[in-house]
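Written below as structure tokens is the structure these notes are about.
The values are calculated or read from the model by the stated rules, or taken from the named source; none is laboratory data. Given the structure is predicted, the values throughout are model-derived calculations rather than measurements. Every residue, glycine as well, gets a Cβ built from its backbone with ideal geometry; the counts of neighbours run over all protein chains shown. Ligands, DNA and RNA are excluded from the accessible area calculation, which covers all protein heavy atoms including side chains. Shrake-Rupley method; radii C 1.70, N 1.55, O 1.52, S 1.80 Å.
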Amino acid sequence: MLTWIAIGTVEICVLLLIVAAAILAAAMNNTHIQQIETVLVAGVISDSTSTSNSHEVTFFITDSFDLVIKRSLLPSQTSHASLALTIKGQDICIEERIVTTNEADNGIQQEATFIISSLKPRTRYHIHYNSQLQNIHGTFGIITDAGYRGLCILKF
């Protein structure tokens, strides 16, 4: 029969170390890991209908919860445009990719229209839009609810 157990400072330190390790393990066990998704979207190039003199992105949500982005004031030599979206939870980073031709500048500004259909309905997203070719960027938020629309002026 045990009538006396000796617990000294070494035993107390070992017990505290075990408790600290258990607390650390519980804190590190993050079950909410966000998945990162990359989406590539091709754009449709057309002559610009915008009357604005600033680089801007207009956007709206369709009835089927697709995000439509129109990017104005592209160079007149633009032949192709695409977007590379990196979606992490509710944060979206958009990198604009523009391909230009070597033809002479005809002075007619171009615009590109992109349709993104991979977003969750009725969700708030934070978007950072970046165009490396023109060295401009902008940040805006959207809610993927039918009829939601907005405008973001891109800055140098």
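Whole-Hz Karplus ³J(HN,Hα) for the stretch 62-75, in order, using 6.51 cos²θ - 1.76 cosθ + 1.60 and θ = phi - 60°, x for Gly and Pro?
Residue by residue, the stretch 62-75 yields 7, 5, 9, 6, 7, 8, 10, 10, 10, 10, 9, 6, 6, x Hz.
With a probe of 1.4 Å, find how much accessible area the chain has per residue, and write the answer as a whole number in Å².
Averaged over the residues of the chain, the accessible area is 66 Å².
Mind checking which lysines have their Cα closer than 22 Å to the Cα of Lys120? Skip sequence neighbours fewer than 8 apart in that chain.
Lys70, Lys88
I need the shape label for the stretch 4-156. Rule: rounded when a/c is under 1.5, else prolate if a/b > b/c, else oblate, with a, b, c from the alpha carbon gyration tensor.
The shape class here is prolate.
On the protein heavy atoms, probe 1.4 angstrom, tell me the percent of accessible surface of the stretch 9-73 carried by carbon and sulfur. Before the final figure, lay out the partial values.
Details: 3030 of 4680 Å².
C and S fraction of accessible area: 65 percent.
List the residues whose amide H sits under 5 Å from the amide H of His55, counting only those 5 or more places along or on another chain, with H placed 1.01 Å from N in the peptide plane.
Distant-sequence amide H within range of His55: Leu154.
Using a simple spin-label model with points 7 Å from Cα along the Cα→Cβ vector, what separation in nm is obtained for Ser54 and Thr86?
2.7 nm
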